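Down below is the structure, laid out as structure tokens.
The values are calculated or read from the model by the stated rules, or taken from the named source; none is laboratory data. Model, not experiment: these values are computed from the prediction. Note that we place each Cβ from the backbone using ideal geometry, even for glycine, and neighbour counts take in every protein chain shown. Surface accessibility is based on the protein's heavy atoms, side chains included, excluding ligands, DNA and RNA. Shrake-Rupley method; radii C 1.70, N 1.55, O 1.52, S 1.80 Å.
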Amino acid sequence: MAERLAGGNVAVALLANTMATGAILFVLITMLGPISGAHMNPAVSLVAAARRDFAWSEAAGYIAVQVGCGILGAWVAHLMFNMPILQFSAKARTGLGQWTGEAVATFGLILTVLGTLRHRPDWVPASVALYITAAYWFTSSTSFANPAITIARSLSDSFAGIAPRDVPMFVMAQLIGAAGGASVARVLFDEPAA
């Protein structure tokens, strides 16, 4: 929708994507938090498993659902906008700057999640939504910060897409950022061992 209505203005399309993403993140996290912890991101689920917040076997199930639902979401979007359901993105997103942007985006997301859970748990929906809204603009990659979304966006030849060949390095950068965010969060937010 953003791409169609922006008339070629990339900034307007990005702003529209930013607002829609931030708004729906707030709604989904608020709604799904009590059910599943609002786990919609494999990076977050992997960090939770590494922190022993839930079992690795649970994380595997969550990740399968996250990736599957991301792909299904891309297909439903194509259907809504009368686009071919099966497609691949041609949008190149590669290079050190893009990878660094993804690492920074995911680092900050993990730090936001863990810090807010520790100190202001009721603010998690707003904090995550606002962080991602801002990170669209302060990162070079427009802050995917989610391996499931990265995979799903490779299956959509749109403004928000990513070429399938660029997915592995994006996901690697996200996982590096997640590990870094979890390490810093451990120092900043975890209770010292007695």
Quick one: with all protein chains in place, what share of the accessible area of the stretch 1-65 is carbon or sulfur, to the nearest percent (1.4 Å probe)? 69 percent
Add +1 for every Lys or Arg and -1 for every Asp or Glu among the other residues with Cβ under 11 Å from the Cβ of MET169, and state the total. 0
Tell me, in nm to one decimal, what length is gained between ILE85 and TRP123 on full extension, where the rule is 0.36 nm per residue of separation less the Cα-Cα distance? 10.0 nm
Label 7 Å along Cα→Cβ of MET169; the stretch 81-99 residues with amide nitrogen under 15 Å? 91-99
Once ALA77 and THR94 are pulled to full extension, the length gained, defined as 0.36 nm per residue separation minus their Cα-Cα distance, is 3.7 nm
I'd like to check one number: the per residue accessible area of the stretch 84-146, probe 1.4 Å, reported in Å² as a whole number. 49 Å²
May I ask which residue of VAL47, GLY7, GLY181 lies farthest towards the positive end of the charge dipole of the chain, with charges of +1 (Lys, Arg) and -1 (Asp, Glu) on Cβ and the Cα centre as origin? GLY7
Quick calc, the chain, dipole around Cα centre from Cβ unit charges on Lys, Arg (+) and Asp, Glu (-), nearest 20 debye, gives 140 debye
Projecting each Cα onto the charge dipole of the chain (Lys/Arg +1, Asp/Glu -1 at the beta carbon, about the Cα centre), which of MET19, GLN98, THR116 comes out farthest on the positive side? GLN98
Carbon and sulfur atoms account, in whole percent of the 1.4 Å probe accessible area of the stretch 103-194, for 69 percent
Label model pair THR30, ALA134: point-to-point distance (7 angstrom along the Cα→beta-carbon line) in nm is 2.0 nm
Contact order normalised by residue count of the chain, Cα under 8 Å, 6+ apart, percent: 29 percent
With label points set 7 Å from each Cα along the Cα-to-Cβ direction at GLU191 and MET1, the distance between them in nm comes to 4.5 nm
Using helices alone, what [θ] at 222 nm do you get for the chain, with -39,500 (n - 2.57) per DSSP H run of 4 or more residues, divided over all residues and rounded to the nearest 500? -23000 deg cm²/dmol
Would you please put 181-189, 79-87, 45-53 in order of how densely packed they are, using the mean number of other Cβ atoms within 10 angstrom per residue and starting with the highest? 45-53, 181-189, 79-87
Where the stretch 1-57 is the region considered: accessible area per residue in Å², 1.4 Å probe: 60 Å²
